[in-house]
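Below you will find the structure I want to go over with you.
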Amino acid sequence: MEKVIVLGTGHATVVDNFNTCFILEDDNQDYLLVDTGGGNGILKQFKKANIDLTKIHNIFISHKHIDHLFGILWIYRFIDLEIRKGTYEGILNIYCHDEVAKIIREQIYTLIGKRQQKFLDERIFINVVNDHEKAKILNYELEFLDIMAKKDKQYGFKTILNNNKTLVFGGDEPLDEKLYDDVKDVDYLLHEAFCLETESDKYKPKEKGHDTVKSASIKAQKLGVKNLVLWHTAENLGKDRKEIYTKEAKENFNGKVFVPNDLEEIIL
């Protein structure tokens, strides 16, 4: 059974939620971790989700913002230790574009001791990917997509699931028109939604390079998306966020809407 395990749903400065990141689990219960949050809280999210981090062998990082990137340093330290203990089998592959790859390597050399650098490029590999390049990860062929981000270079990806449904991870900026052909008629679109349309004056999502629930759902409807997952949100609505975001999305989108909380699972 394929699923998305949601480790976090919040934007960069959330307190009560974790930063947006998730695991794509395939039919064999193998995992692809997508983004890593902003710190060692990623280790706690794995514990809360009851997932053994030693089972993670593939990670994709979309861009260099700290709430998506810096958790990789804690994962690196954890896996380095498990390799030394003999409790981590195989290798770890990290996939990212060139700017992220450079930052990860520099941070490892700068912030992690030389003893912990031994397995870099030996058991832990940083793989640079390019726009529309494809790679076999788990049972999937991922096609990496430059999402044309307005702030910093950012990648998402598209893949066909084992159940023949299509899934697109669109990063954390509004879907650019240049990606419409890649997203048209997909089964699952994972899209950011900073706040409700009615809260735009308060939260100014466009100034922050983000979308509203209404705007994201209108685009999904236009493109024939069947299932829309909305996250990377503010903590503005607390426990009512799911209900209120879903209501606004359904006013503009005829497919199924998911507004997950941290640690929820979405069966694909």
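The values are calculated or read from the model by the stated rules, or taken from the named source; none is laboratory data. Small disclaimer: the values here were computed from a predicted structure and weren't measured. As a convention, Cβ positions derive from the backbone with ideal geometry for all residues, glycine included, and neighbour counts pool all protein chains shown. Calculation scope for accessible area: heavy atoms of the full protein, side chains included, ligands and nucleic acids excluded. Shrake-Rupley method; radii C 1.70, N 1.55, O 1.52, S 1.80 Å.
Straight-line reach from K64: which aspartates and glutamates have a Cα under 13 Å away, not including same-chain ones fewer than 8 places off?
Cross-link targets: D35, D98, E99, E106, D152, D172.
Rounded to the nearest 5, what % of DSSP beta bridges with both residues in the chain are antiparallel?
Here the antiparallel bridges make up roughly 50 percent for the chain.
Taking amide H atoms as placed 1.01 Å from N in the peptide plane, list the residues 5 or more away in sequence, or in a different chain, whose amide H sits under 5 Å from that of D211.
Distant-sequence amide H within range of D211: F194.
Something else now. Excluding ligands, DNA and RNA, what is the solvent-accessible area per residue of the chain at a probe of 1.4 Å, expressed in Å²?
Numbers: 12040 Å² over 268 residues.
Accessible area per residue, the chain: 45 Å².
In segment 80-134, which chymotrypsin sites (Phe, Trp or Tyr not before Pro) fall in coil by DSSP and have 11 or fewer other Cβ atoms within 10 Å?
Passing sites in segment 80-134 do not exist.
Would you grab the residues whose amide H sits under 5 Å from the one on L92? Only those 5+ places off in sequence or on another chain, please, with H modelled 1.01 Å from N.
I124, F125
Follow-up. Where does the longest stretch of the chain lie that holds no GluC sites (Glu not before Pro) found in a DSSP loop with 11 or fewer other Cβ atoms within 10 Å?
With GluC sites (Glu not before Pro) excluded where exposed in loops, the chain gives 1-88 as its longest stretch.
Oh, and also: Which of K202/K247; K158/K256; K158/K222; K114/K136 have a Cα-Cα distance over 27 Å?
Working: K202/K247 20 Å; K158/K256 19 Å; K158/K222 18 Å; K114/K136 31 Å.
Exceeds cut-off: K114/K136.
What is the percent carbon and sulfur in the accessible area of the chain, measuring with a 1.4 Å probe over the protein chains and ignoring ligands?
It is 47 percent, rounded to a whole number.
Now for a separate question. Cross-link partners among lysines for K118, C-alpha distance below 23 Å, same-chain residues fewer than 8 apart left out?
Of all the lysines, those that pass the test against K118 - Cα under 23 Å, at least 8 places apart if same chain - are K55, K85, K102.
How much net charge surrounds E141 when only the other residues with a Cβ under 13 Å from the Cβ of E141 are counted, with Lys and Arg +1 and Asp and Glu -1?
On the way: positive: K134, K136, K158; negative: D26, E133, E143.
So the environment of E141 carries a net charge of 0.
In addition: Report the relative contact order of segment 33-180, percent, no decimals, based on alpha-carbon pairs under 8 angstrom and at least 6 residues apart.
About 19 percent, as a whole number.
Still on this structure, please answer the following. Counting only other residues whose beta carbon sits under 10 Å from that of T198, what net charge do I get with K and R as +1, D and E as -1?
-2
Just from its helices, what would the mean residue ellipticity at 222 nm be for the chain, if runs of 4 or more DSSP H residues each count -39500 (n - 2.57) and the sum is divided by every residue, rounded to the nearest 500 deg cm²/dmol? Don't skip to the end; give the middle numbers.
Numbers: 8 runs with 69 residues, N = 268.
Here the helix-only value at 222 nm equals -7000 deg cm²/dmol.
Given H placed 1.01 Å from N in the peptide plane, which residues other than close sequence neighbours of D27 have an amide H under 5 Å from its amide H?
none
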